[in-house]
1. With the condition kept exactly as written, say whether any residue in region 472-494 is modelled with pLDDT of 90 or more, of a type outside the set (A, V, I, L, M), touching a Cys at 6+ places or on another chain (Cβ under 6 Å) and in a helix (DSSP H, G or I).
2. Given (1) without any contact (Cβ under 8 Å) to a residue 12 or more places away in the chain; (2) farther than 24 Å from V116 by Cβ; (3) open to solvent by less than 80 Å² (accessible area, probe 1.4 Å); (4) not hydrophobic (A, V, I, L, M, F, W, C), identify the lone condition not met by Q213.
3. Of the residues T359, T346, which is in contact with a Pro (Cβ under 7 Å, 6 or more places away or on another chain) and of a type in the set (V, I, T)?
4. Only one residue in A519, A460 is open to solvent by 10 Å² or more (accessible area, probe 1.4 Å), under 30 Å from K412 (Cα atoms) and either among the hydrophobic types (A, V, I, L, M, F, W, C) or in contact (Cβ under 8 Å) with a residue 12 or more places away in the chain (or both). Which one?
5. Given A519, A510, which one is among the small types (G, A, S) and either within 24 Å of D446 (Cβ to Cβ) or at pLDDT below 90 (or both)?
6. Just wondering, is there one or more residues in region 64-75 that are among the β-branched types (V, I, T) and buried (at least 19 other Cβ atoms within 10 Å of the Cβ)?
7. Filter region 341-362 for residues that are open to solvent by 20 Å² or more (accessible area, probe 1.4 Å) and without any contact (Cβ under 8 Å) to a residue 60 or more places away in the chain; which is farthest from W326 (Cα to Cα)?
8. Where the second residue is part of a loop (DSSP other than H, G, I, E, B) and among the β-branched types (V, I, T) and the first is over 16 Å from A456 (Cα atoms) and lies in region 418-433, which pairs have Cβ atoms under 8 Å and are six or more apart or on separate chains?
Amino acid sequence: MDAVEEKQVDVNMEMSEGVVSEQTMDGNDQNEAALTAEELEGQKTMQAYDELLEIKEKLMEDNTQYELHVKYIELLKQLDLQDQLEEARVAMHDIYPLTEPLWLDWINDAKKDTSVEGQIKLLSLYNHAEQDYLSINIWKDYVDYILDKFHQGFSEDIVDQDESVSEFIEQTRQDLLKAVRATSAHVKSSQDIWKPYSEFELEILERFKDADQLNLVRKMYMDRLATLHINCEDTFSAYSTFVSNYDNSNYEDTMVKANKIYAKTKKAAEERDQYEMQLSTAGYSLDAFQQYIEYEKRTKNMHSLVYVRSIYERAIVYYCTDPALWDDYILFLIEQAKVQVFLETTCLRAIRNCPWSGTLWAHLARLMEFGNKEDDQIDDIFDRALSSKPLLSSVEDLVAVLLAKCDFKRRKIDWEDPDDDEVMDLRVTFEECLQYISEAFPDSGDPFYRIEKYYAYISAKRLGDMDKAKELWQNVVEHHGLNTEAWIDYIMFERDQGHYEKCESLFKQAIQKNIDNPARLISVWTSVEHEIGTLASYETSLVKINQKSKILARQWQAQSQKQAQHQPQYKQKQELSEEQKAANAKEKKEMDRKKKSAHRLAQKQRAKEKKKEHAAEHKAPNEGATHIHGQHTNPKVEEPTEASAANESAISAANQDATPSAEPANSEQDASSRKRKLSTDDKEDDESAKKHKSNETEHFKRPIAPFKAKPRSIRPNTRRGKSVKLPQKTLSRNDVQTIKEANTKEDTQNAPEKTNDDFRAMLLSSKK
């Protein structure tokens, strides 16, 4: 430490001397550069402080902004403000779940504190991290921490397993099993957690050679083979090695029993592996996860709800802010495994990820009611939901929470003997719900008037307050006067109460307005008059409907006239487009014709070249044939074309056994016939192709040489086989059996001895 201080003092003295004396320009430049770097660093620090204060003020106004929390933590870490950083992380975790990088960053900082309090805090962080998401990396970090702590206390000097050592080992085992159980349903990556645990158990077995530990390890392997995982072949191979080392005398019997379990697991794992590869190929898309989930729900090959839950959890890691995914997950648990603990935990996690979803808040409230929680706890859930600003910005989410609250208050009342306080509580709840909607959406309100409709029904049917029900419906048609369905719902309400005259009055009011679907109102009015109308009311309806029909007809006529005015322009555009289409078709046809013509010319050129090559190949054999017959005739004919050259070569090869005197005459006749068949007009080539072929077959039939048998001795490449004298006595069944036994004995003596590896390889290959 003294040397470092002396070095620092020397450096400071040199810098000060250089500044004071200014002996060289280089020293001045270095000092200026150092000051500039310090200034830049100071400016960055000041900017970070300013930004930190600004974000802090925003979070004090609204602490539900996720991005601001993340940025705030990054700035605190950059400025190395550890105390405030810890507070910021805790504040964010109180509102939102933390992602895997945020948790690992927090855990790594906590590992720096090696005190007892620091270790307790670290384990607490691991426990909170596992509750947010299913993270294999966090569980790996946890397993590594537990094993590092174990190896620090499990030195090589420990050779006896006393009580303290046994407790230490058992505590480590339970900590590791916690990670194994939490990740065992992860088909793809659970092996990363189980393998370190298996190495821990094998290490204990190797150290103490205990019979109980041997049975524990054997059970560990068998349980793992029965668990669905992609790397089941590695587990089977590891178990084979274990049996070879510790129970080699019973190797084959043990492995045959294990192979039955392994075969079933391997078959199921191969099916899942297809979906795992599909997930990876699709970039872990939500559609790929949904397909995997649907398969896991309907499969019968090692089907388990645990595996379905695992896929849901894996999808949530990627799509934690999708309320539809959480809703589907919760409904699956309600349908298949209505376990209160799982449902409550899942609903709370869903709300932490999607606090703006009214559907998820309603799930939690109903779950708490189903679990017979206190009314104050359920009311607190609704208060927390309605205090969420993101939820108040969506009418659908807000109405979902309000309807759930009204349902809860209604179910509390015993309608056979209603309590006045509970009835008043229900009325107050309805009024509060209407107030929430009017304040959050003063202009539009709920376009489907669901709270008003619900409140009106309860007032009329349950509370007997018809005045309140009519008041609610009157407010609905005033705020939604152009909504046809609002008028029809109001009319149907009055009809159910037996107020038929009121129905007629409402129909008259509605039909005079410019409603969005008059045809629907006319149809309903006609049906109602047929069912409950009087003669006078029916005729009145006909008059009103007729008047409205005429008004609608004039409106439709005016619209049709406007369309007709724009029709000539449309027709002109259409005609231009048709002319353009015709021109394009004509141009395309011309291009096709040119392409076909060029293709035909190319085919003819290739045919000519091929014939020319064919004639050149047969030229030498033809000359050799004339020398054999002793005649050298060069008939004076016109110069042949490429097609005639091919025909001449074919004729000369076929007539090698013919008389020499016939060759000149035949060649002259063939040349003249070929000249007649060749056409110079390209247009007639295709039509005369078949005729040309038939003429060739008539005039140039290849003569067939007579068959002359040759003796076997002069045939080339023939050899006679050596004769073998067969035994006169045939073999009996006893002789055959004796020969087979002798051959089997000889094969057994010559066969190499099989090992455990050969047997394991046979088991593995038989299942592939």
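The values are calculated or read from the model by the stated rules, or taken from the named source; none is laboratory data. Since the structure is predicted, the reported quantities are computational estimates derived from the model, not experimental observations. Cβ placement follows ideal geometry from the backbone for every residue including glycine, while neighbour counts extend to all protein chains displayed. Only protein heavy atoms, including side chains, enter the accessible area calculation; ligands, DNA and RNA are left aside. Shrake-Rupley method; radii C 1.70, N 1.55, O 1.52, S 1.80 Å.
1. Yes, region 472-494 contains a residue that is modelled with pLDDT of 90 or more, of a type outside the set (A, V, I, L, M), touching a Cys at 6+ places or on another chain (Cβ under 6 Å) and in a helix (DSSP H, G or I).
2. Among (1) without any contact (Cβ under 8 Å) to a residue 12 or more places away in the chain; (2) farther than 24 Å from V116 by Cβ; (3) open to solvent by less than 80 Å² (accessible area, probe 1.4 Å); (4) not hydrophobic (A, V, I, L, M, F, W, C), the lone unmet condition for Q213 is (1).
3. On the way: T346 fails: in contact with a Pro (Cβ under 7 Å, 6 or more places away or on another chain).
Only one candidate qualifies: T359.
4. Working: A519 fails: under 30 Å from K412 (Cα atoms).
None of the others qualify; the one that does is A460.
5. Working: A519 fails: either within 24 Å of D446 (Cβ to Cβ) or at pLDDT below 90 (or both).
After applying the criteria, what remains is A510.
6. Of the residues in region 64-75, the ones among the β-branched types (V, I, T) are 64, 70, 73.
Still in the running and buried (at least 19 other Cβ atoms within 10 Å of the Cβ): 73.
Yes; the residues of region 64-75 include at least one that is among the β-branched types (V, I, T) and buried (at least 19 other Cβ atoms within 10 Å of the Cβ).
7. Among them, the one singled out is V341.
8. Every condition considered, the pairs that remain are D419/I413; E422/I413.
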